[in-house]
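Student: First the structure, which I've put down as structure tokens, then a few questions once you've had a look.
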Amino acid sequence: MQFHPDTCRQSIQSPWGLLTMAANPNGLCGVWFENQKHFPDTQFWTVAKRHPVLLQAEEILQQYFQQNWPTDSSARMALKKLPLDLSGGTAFQQAVWQALMSIPMGQTCSYGELAAAIGRPSAVRAVGTAIGRNPISILIPCHRVLGTLGHLTGYAGGVWRKQALLKLENVQFLTEENQRS
């Protein structure tokens, strides 16, 4: 991914480890868990403790962690007010990431359903790859995409985090343990 030269960052603590958030003049361009796959080299980005977009993203994330959303529509409204910059991705990746934002909190879809939703039903693997490159964890809810029949699948931040995020949202999913029972 390409990032704007004026990208800045701030880190916050989450229930599942440190999160690094990034913003540029166009909006929020990243939220990554510490040590997740595809974590960019952020060492040269300025630390910005008072950046308005990063403060807004932090507030939304803190409310999410505390399950402090009165309704899913409140969560969607807060996110709509948050400017996002997805321009670092390809047109295909951006389409996938936009489609992810249509999955309501507490619900899931499969990779195949997401591929069909963007008009590319045969591009399931490419959709999975684009999901894995999602630069804005949690807020662009790639954790809500499950394998066929609701099976828990990979997550760039670690499957254990995906499981924790889905549990926070009261989502049912299949793991190797509950498949055997």
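Student: Tell me, 38, 143, 51 in order of fewest to most beta-carbon neighbours within 10 Å?
Tutor: Details: 38 12, 143 27, 51 20.
Lowest count first: 38, 51, 143.
Student: Fewest first, what order do 59, 169 take by the number of other Cβ atoms within 10 Å?
Tutor: Numbers: 59 12, 169 19.
Ordered from fewest to most neighbouring Cβ atoms within 10 Å, 59, 169 come out as 59, 169.
Student: Counting C-alpha atoms alone, how compact is region 8-81: give Rg to one decimal and Dmax as a whole number, in angstrom.
Tutor: 12.7, 38
Student: Computed over the Cα atoms of the chain, what is the ratio Rg over Rh, Rh following Kirkwood?
Tutor: Rg/Rh for the chain comes to 0.95.
Student: Could you give the angle, 0 to 90 degrees to the nearest 10, between helix 91-100's Cα long axis and the longest principal axis of the Cα atoms of the chain?
Tutor: The angle comes out at about 70 degrees.
Student: To continue, here is another question. Using the Cα centre of region 8-81 as origin and beta-carbon charges of +1 (Lys, Arg) and -1 (Asp, Glu), tell me which of 14, 39, 25 is placed farthest towards the positive end of the dipole.
Tutor: In region 8-81, that residue is 25.
Computed from the coordinates by the stated procedures, all read-outs in this text should not be read as laboratory data. The shown structure was predicted, so the numbers you read here are calculated from the model rather than taken from an experiment. As a convention, Cβ positions derive from the backbone with ideal geometry for all residues, glycine included, and neighbour counts pool all protein chains shown.
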